[in-house]
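First up is the structure itself, then whatever we jot down about it.
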Amino acid sequence: MHVTIVRRVEQAVFLRVSKLGVFLVVSASLFLLFLDDSKPITKDYSMVLELVPVGTILAVLTSQVLKTAQAAKDVLVAKDSFRVLSQHLFDIEPVLKELQFKKLNDSQAARLALETLEADVKRASNLVTKYKNRARFYLLLNCRHIVSEVEQVTRDIGKSLAALSLANTEVLAGISDQVNRIQNEMQRVEFEASCSHLQIVEKLQQGLQDQKLDQAFANDMLKQIARAVGVPVEPSEISKELESFRREKEEAADRKERAEVFFLEQVIELLSRADAARDYEEIKKQYLQKVAAIERFDSREEYIAPLTSFLCRINGTVMIDPVSLCTGTTCERAAIEDWFDRGETTDPETGEILEDIALRSNLPLRQSIEEWRELNYCLRIRACNGKLLSHVDSSVEEALSQMQDMMRENSINKDWISIGGLTDIVIEILGRSLNKDVKRKVLVTLKDIVEGNARNKEKMVECGGWDHIIPCLACDPNISKPAVELLFELLQDHPGWNVSVCRRLSQECSAIPSLVTLLSGSVRELAVYAENILEQLFEVDEENISIAAKSGWYKPLIERLVRGPDSSRISMVRALGNLELVDSDLKLLGEEGIISPLLEMVSSGNVTSKELSLSALAKLSGCSANKKIIADAGGLPHVLKLVSSPHMCTIILVKCCEILEKLSDDNDGIKFFVDEYGTQLGLEPIITSLLALQSRSVRKPALSAILGICKFDTELVKTAVVSANSVFPVLPLLDDSDSDIREIAVQLLFLFSDHEAQEIVEYLLRPKRLEALVGFLENDKKNGVQMAAAGLLANLPKSEVMLTKKLIESDGLQALINILRTGTMDAKENALCALFRFTDPTNPKLQRSVVELGAYPLLVDSLTTGSVMTKARAAAVLGDLSKSTPKLLAKPKSTGCWCFQPKLPPKCPAHGGICSVETTFCLIEGNALPALVKVLQEKVEATAHEAIPTLSTLVQEGCPNKGANVLHEADAIEPMLDILSQGTDSLKEEALGLLEKIFLSREMVARYGERSRLRLIDLTGRHIHEDRHLRRKAARVMQLLERYSKSSSSSLLPGFFN
């Protein structure tokens, strides 16, 4: 019998090899196929196995190893683990061939080792077969367990290989190292499931634990699982995979693995909610069929009552997952399981003892319940349509609440509501409704409609839904909050952002400004939503950063400029240059640290980078706070280096000059012209470099920069101007064709004229040069230029008679007097100073020219309405004119008999002759005296210094009584006495000089002597080291008082006049 069995096995092996022409694929245990596989191997069968040649067993095993190794490569889940197993099996194949070639020992140990190895390989083959044909979603969820199984079987094969090697040490001596390596690696192998697979499983388990059953989560998980196992995210493919997944659940139920069934049911329910799990056309067809079915119901009908069979026999509610007992009673699965968990063994409806507690899904009833629910959904959708179109706010709100309830009950209603046209109606209500409660509820409902539903999102975007959503962002938080949440959801493509929709949103002109507005609101949650959306829009298109900056949010622009790549930095600087910024914006940008990266780009960037960063710095340097930041960061040396660099492009030089001009603007001068250590930079090389820029496009900003620098410190300017020989290159610019350059040149020459006046005079005396300067005097539209031209003339030497003459010939004097009429206060100050050239007391003829042109009343007016400097200079000019009055007095001529002489004009009380403004420039006739006294009473040193000498011209040395009396009547003497007590020493000296003339009049001594004496005593009694000149002058005045005093002067001032 044994011989017969062995022969049958050998024949089977031979036939199999002959037919396929491949390695033996039947193991020694195949002979058991002649028997019942389900029965254990008996002693007789073991005896049979012992009769099979060991070479045959080895050949069959080798074939099985190769087959398993090849199949293991194709498993889709836990690929890495199965591939390692496959590689190890391929490595074993040469070992088995070596044993065949050298004929391993046919010992009991060798046979036992082969038998064990064959069993382990069989387990590996079964494992491959088991997981190669299972539902892929199921395999992913069990990836950790599968990897563990593969690890264990690999280790077991390694142990069996070690036993086989030990039993055949001599035979495998040649490849012992290889065998030892293989069996050691296999026994020590450690497998881990793919991190990405584990993350998916953990995320899914956490979501189920947190009861995240929304459609968005379902879409996200389905996409991740499908992509992980290589299933296309298409409705047809997903449907097939879910069907296989359901069969896995049914098999688990058959195995009565309740925990696994519960978990798989949760997963299937979740994934079934995903968009890809349902074919849209099928959903639409299903809805339309239901709509046709409800047409038989009254239009007012909103609800169909459930049949009694739909109700659970335990809790009385409509069932979701009905299951039947062996008695035919149907209950909700969760309810009956809980019933059994409580120890109940009876039928909950009849009370019968249950012989079998197995649960069988009642699919027909479940389908009927679903049909009932879907009909009710369609009835409610129809009813909501009517309520939404009623234009009654209460009905609209009711419909919106019903829609929200339906979507919570079943996510398919998101599609059905959209197919039924309710979405379009709701969007239209959002646009027209003025009711805040309705708007808020509409926004919440729209978010429910689109949440996790890609089709509805696309539809809302396509129909321009955010045309009504974006304006809601500017409303109060009750509306803006659901609006921004809806907008956020529209942009989601779980688990990330929908880039194409983000691009479309950024094209909406009001979107970014509206979102920026939310950032500064009081509700932090709104700001977080808005910032997240804006950051994504910036990732989509950096141009959106500049739009946000224009709306007042500079943080993203600054962050990318400070820390972004070069391409981003250039883009941000270009955007910064295009912004219209007020001083507060510029200050904020500087405080946020934008200046340092800009200076870095200036020093190390390419030409484009330098140009853009310099443009931005020119804009930023218009803010006073930023000037200090630029200076402290050592920005000036970088800018000046570019200015002095040869062959530098024009636009860069222009921007450098603009920066220098702004840094010196606002009376800052050279305050910020320092290096990073705060050391003052030399002016001479700066001015020299700027003057060297003769290109027409650069010349104007360069001159403007020089002008700003030179307004600062006169001594520093003088040194720099002389060292740099600055006047000579500026003079020709007075003839430049560009009026702006001509005007800047005039202002520069005004500043330089204090130091290099002679060169300017020589230039102006050339043909037509002076006429050009007079033209600037006449230009009342450019106040700064007019002021500079007048100041330039004021600074030129008054001894240049030819210059004075030509000025009169070219109407320069008239232009100066016109400035007194209509010019600015600064221009008037300089014009008055320039008039000194024409009011020299030694040249009355020239003075007359001034008076004849109407200057006198303007001078008097300047005493009352001008600035301190204007009043002082007007008083001085009037003083010059008044000095000529005594020489110009008209003497009356005899015309015959006194009886027939015409009535003569009254004599001047001060001069004793016939005076007038036109002929003698008399202060009294010109009504200047009251104004001068008022100036004196104001007690301002600068004006009093000039008013006192002018008043002094009224007191003539030969006849002081008249003039003194005039001053007395004008109340001019009392203020001078006050000066003796309160004024500065220089002002006291001026007052004493006039009082010395006044007190030549006995009458004035009688009037003011007593009041003056104490003040004079104080001055004459000063310490010996104080001003002796002032003491001597006070003593002389005191002597005049004593001359007319009744008391002896010696009693008062013993020895004072010795």
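The values are calculated or read from the model by the stated rules, or taken from the named source; none is laboratory data. All of these numbers come straight from a predicted model, not from anything done at the bench. Cβ: placed from backbone, ideal geometry, glycine included. Neighbour counts: every protein chain shown. For accessibility, only protein heavy atoms count, side chains too; no ligands or nucleic acids. Shrake-Rupley method; radii C 1.70, N 1.55, O 1.52, S 1.80 Å.
Within 10 Å, Cβ to Cβ, of Lys806, how many net charges do the neighbouring residues add up to if Lys/Arg are +1 and Asp/Glu are -1? Intermediate results must be reported in sequence, preceding the final value.
On the way: positive: Arg769, Lys805; negative: Glu771, Glu800, Glu809.
Neighbourhood net charge equals -1.
What's the ranking of 531-537, 815-821, 360-366 by average number of surrounding C-beta atoms within 10 Å, highest first? Kindly include the intermediate steps, with their values, before the conclusion.
Numbers: 531-537: 19.7, 815-821: 22.4, 360-366: 14.1.
Ranking the peptides 531-537, 815-821, 360-366 by packing returns 815-821, 531-537, 360-366.
As I understand it, the dipole of the chain uses +1 on the Cβ of Lys and Arg and -1 on the Cβ of Asp and Glu, about the Cα centre. Which of Asn376, Leu858, Ala625 lies farthest toward its positive end?
Result: Leu858.
What does the charge count around Ile381 come to, taking other residues whose C-beta lies under 13 Å from its C-beta (Lys +1, Arg +1, Asp -1, Glu -1)? Don't skip to the end; give the middle numbers.
Working: positive: Lys290, Arg373, Arg380, Arg382, Lys387, Lys414; negative: Glu301, Glu302, Glu374, Asp405, Glu409, Asp415.
Value of the local net charge: 0.
Could you name the lysines whose alpha carbon sits less than 19 Å from that of Lys285, not counting residues in the same chain fewer than 8 places away?
The reachable lysines, counting only those whose Cα sits under 19 Å from Lys285, are Lys414, Lys459.
Set the bar at 25 Å for Cα to Cα. Now go through Lys555/Lys610; Lys122/Lys223; Lys550/Lys700; Lys67/Lys130 and name every pair that lies beyond it. Kindly include the intermediate steps, with their values, before the conclusion.
Working: Lys555/Lys610 22 Å; Lys122/Lys223 36 Å; Lys550/Lys700 30 Å; Lys67/Lys130 15 Å.
In this structure, Lys122/Lys223; Lys550/Lys700 lie more than 25 Å apart at Cα.
Starting with the highest mean, order 429-438, 658-667, 298-307, 472-481 by the number of other Cβ atoms within 10 Å, averaged over the residues of each peptide. Walk me through the intermediate numbers first.
On the way: 429-438: 15.3, 658-667: 21.9, 298-307: 11.6, 472-481: 18.3.
Result, highest mean Cβ count within 10 Å first: 658-667, 472-481, 429-438, 298-307.
Please give the helix 635-644 orientation as an angle from the longest Cα principal axis of the chain, in degrees from 0 to 90, rounded to the nearest 10.
Between helix and principal axis, roughly 70 degrees.
Can you work out the PRE-style zone for Ile651? Point 7 Å along Cα to Cβ, and I want the residues of segment 684-713 with backbone N under 20 Å.
Under cut-off, by backbone N: 694-702.
Which of the three applies to segment 604-753, rounded, prolate or oblate, going by the alpha-carbon gyration tensor with a ≥ b ≥ c and a/c under 1.5 meaning rounded?
Values: a/c = 1.70, a/b = 1.24, b/c = 1.37.
Judged from the Cα gyration tensor, segment 604-753 comes out oblate (a/c at least 1.5, b/c at or above a/b).
What percentage of the solvent-accessible surface of segment 280-376, computed with a 1.4 Å probe over protein heavy atoms, is contributed by carbon and sulfur atoms?
Details: 2900 of 5790 Å².
After summing per-atom areas, the C and S share lands at 50 percent.
Using only the alpha-carbon atoms of segment 502-584 as identical scatterers, what base-10 log of I(q)/I(0) does the Debye formula give at q = 0.22, 0.23 Å⁻¹?
Relative scattering, expressed as log10 I(q)/I(0), comes to -1.07, -1.14.
Of Ser309, Thr330, Thr345, which is farthest along the charge dipole of segment 280-376 in the positive direction, counting Lys and Arg as +1 and Asp and Glu as -1 at C-beta?
Among Ser309, Thr330, Thr345, the one farthest towards the positive end of the dipole of segment 280-376 is Ser309.
Taking R0 as 41 Å, what's the FRET efficiency between Ser239 and Thr317 from their Cβ-Cβ distance, rounded to 0.05? Walk me through the numbers on the way to the answer.
Details: r = 30 Å, r/R0 = 0.73.
Calculated transfer efficiency: 0.85.
Just to check, using Stokes-Einstein with a Kirkwood Rh over alpha carbon pairs, what's the diffusion coefficient of the chain at 20 °C and 1.002 mPa s in µm²/s?
Values: Rh = 41.7 Å.
The estimated diffusion coefficient comes to 51 µm²/s.
Per DSSP H run of at least 4 residues, take -39500 (n - 2.57); add these up for the chain, divide by its residues and hand me the 222 nm value, nearest 500 deg cm²/dmol.
-21000 deg cm²/dmol
Relative to the longest principal Cα axis of the chain, at what angle does helix 985-998 sit, 0 to 90 degrees, rounded to 10?
The helix 985-998 is inclined about 30 degrees to the chain.
Enter the accessible area per residue of segment 467-617 (Å², integer; probe 1.4 Å; all protein chains in place).
Values: 6540 Å² over 151 residues.
Using a 1.4 Å probe on heavy atoms only, each residue of segment 467-617 averages 43 Å².
Using packing as a proxy for protection, rank 441-454, 950-963 so that the peptide with the highest average count of other Cβ atoms within 10 Å comes first. Kindly include the intermediate steps, with their values, before the conclusion.
Working: 441-454: 23.6, 950-963: 20.0.
Those peptides, ordered most packed to least, come out 441-454, 950-963.
Beyond 19 Å, what percent of the Cα pairs of segment 982-1045 remain? Don't skip to the answer; put the middle values down first.
Numbers: 456 of 2016 pairs.
Everything past 19 Å amounts to 23 percent.
With the cut-off at 24 Å, report for segment 390-540 the share of all Cα pairs above it, as a whole percent. List each step's numbers first, then the result.
Numbers: 3157 of 11325 pairs.
That fraction is 28 percent.
Quick one: check the C-alpha center-to-center distance for segment 771-847 versus segment 605-659, whole angstrom.
Here the two parts' Cα centres lie 39 Å apart.
P(r) tail for segment 195-277, what percent of Cα pairs lie past 18 Å?
Values: 1417 of 3403 pairs.
It works out to 42 percent of all Cα pairs.
Relative to the longest principal axis of the C-alpha atoms of the chain, give the angle of the C-alpha long axis of helix 215-229, reported between 0 and 90° and rounded to the nearest 10°.
60
Over its Cα atoms, what ratio of radius of gyration to 2.2 N^0.38 Å does segment 280-376 give? Kindly include the intermediate steps, with their values, before the conclusion.
Numbers: Rg = 16.7 Å, N = 97, 2.2 N^0.38 = 12.5 Å.
Against the empirical 2.2 N^0.38 Å value, I get 1.33 for segment 280-376.
Would you mind getting me the FRET efficiency between Gln507 and Arg247? Use the beta-carbon distance for r and R0 = 41 Å, nearest 0.05. Write out the running numbers ahead of the final one.
Values: r = 49 Å, r/R0 = 1.18.
Using R0 = 41 Å, I get an efficiency of 0.25.
If you roll a 1.4 angstrom probe over the protein chains with everything in place, what fraction of the accessible area of segment 390-540 belongs to carbon and sulfur, to the nearest %?
On the way: 2840 of 5980 Å².
With neighbouring chains kept in place, the figure for segment 390-540 is 48 percent.
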